[in-house]
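Structure record follows, encoded as structure tokens.
Quick note: the coordinates plus some simple rules give every number you see, no bench work behind them. On a predicted model such as this, the values are computed, not experimentally measured, just so you know. Here the Cβ positions follow ideal geometry from the backbone for every residue, glycine too, while neighbour counts run over all protein chains shown.
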Amino acid sequence: MDNYEYCDDCKRIFIENSSCPFCESTQVSELYVKSPVNILGTKVKGRVFKLSSDGIKVLVVDAQNNKSIRDYDASKLKKVL
């Protein structure tokens with residue numbers, strides 16, 4: 001299983017690295033299960049359900065309180081405060 005991290009400056013998520021591949025910052029933190037995330041390019045928010053080597057499974061709850069688990073690539077996600 002790969003360890004995922006996020007940049008403290010730009011909040012982008014990536015596979016374990018010593019620096020952020022998006023903004024080159026060295027301020028990185030580990031991503032944990034149940035961390036809130038945003039899907040880039042949408043207004044959809046969710047929580048990390050499972051971390052695996054082929055992607056990140058995100059638990060998404062819509063306006064009607066329907067829960068679904070969706071699989072995303074790490075580059076499509078951003079950490080929410």
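Mind checking whether some residue in the range 43-54 is surrounded by fewer than 16 Cβ atoms within 10 Å (Cβ to Cβ), out of contact with any Pro (no Cβ under 6 Å at 6 or more places or on another chain) and among the β-branched types (Val, Ile, Thr)? Yes, because at least one residue in the range 43-54 is surrounded by fewer than 16 Cβ atoms within 10 Å (Cβ to Cβ), out of contact with any Pro (no Cβ under 6 Å at 6 or more places or on another chain) and among the β-branched types (Val, Ile, Thr).
Set side by side, the residues Val37, Val80, Val60, Val28 differ, and just one is among the aliphatic types (A, V, I, L, M) and in contact with a Pro (Cβ under 8 Å, 6 or more places away or on another chain), which is Val80.
For the range 40-47, the condition of being in a loop (DSSP other than H, G, I, E, B), out of contact with any helix residue (DSSP H, G or I) (no Cβ under 9 Å at 6 or more places or on another chain) and under 15 Å from Asp2 (Cβ atoms) holds for none of the residues.
Within the option set Ser25, Ser19, Ser75, being of a type in the set (Gly, Ala, Ser), under 9 Å from the mean Cα position of the chain (by Cα) and not in a strand (DSSP E or B) holds for one residue only, Ser75. Beta carbons closer than 6 Å, at least 6 apart along the sequence or on distinct chains, pair a first residue in the range 19-32 that is free of Cβ contacts under 8 Å to residues at least 24 places away in the same chain and of a type outside the set (A, V, I, L, M, F, W, C) with a second that is surrounded by 12 or more Cβ atoms within 10 Å (Cβ to Cβ) and part of a loop (DSSP other than H, G, I, E, B) for Ser25/Asp9; Thr26/Ser19; Gln27/Asp8; Gln27/Asp9. The residues of the range 55-68 that are over 13 Å from the mean Cα position of the chain (by Cα) and either part of a loop (DSSP other than H, G, I, E, B) or surrounded by 14 or more Cβ atoms within 10 Å (Cβ to Cβ) (or both), listed by number, are Asp62, Ala63, Gln64, Asn65, Asn66.
Of the residues making up the range 56-80, those that are over 14 Å from Val33 (Cβ atoms), free of Cβ contacts under 8 Å to residues at least 24 places away in the same chain and not acidic (Asp, Glu) are Val60, Val61, Ala63, Gln64, Asn65, Asn66, Lys67, Ser68.
Whether a residue is among the charged types (D, E, K, R) and either more than 12 Å from the chain's Cα centre (by Cα) or loosely packed, with under 13 Cβ neighbours inside 10 Å (or both) was assessed, and Lys11 does not pass this test.
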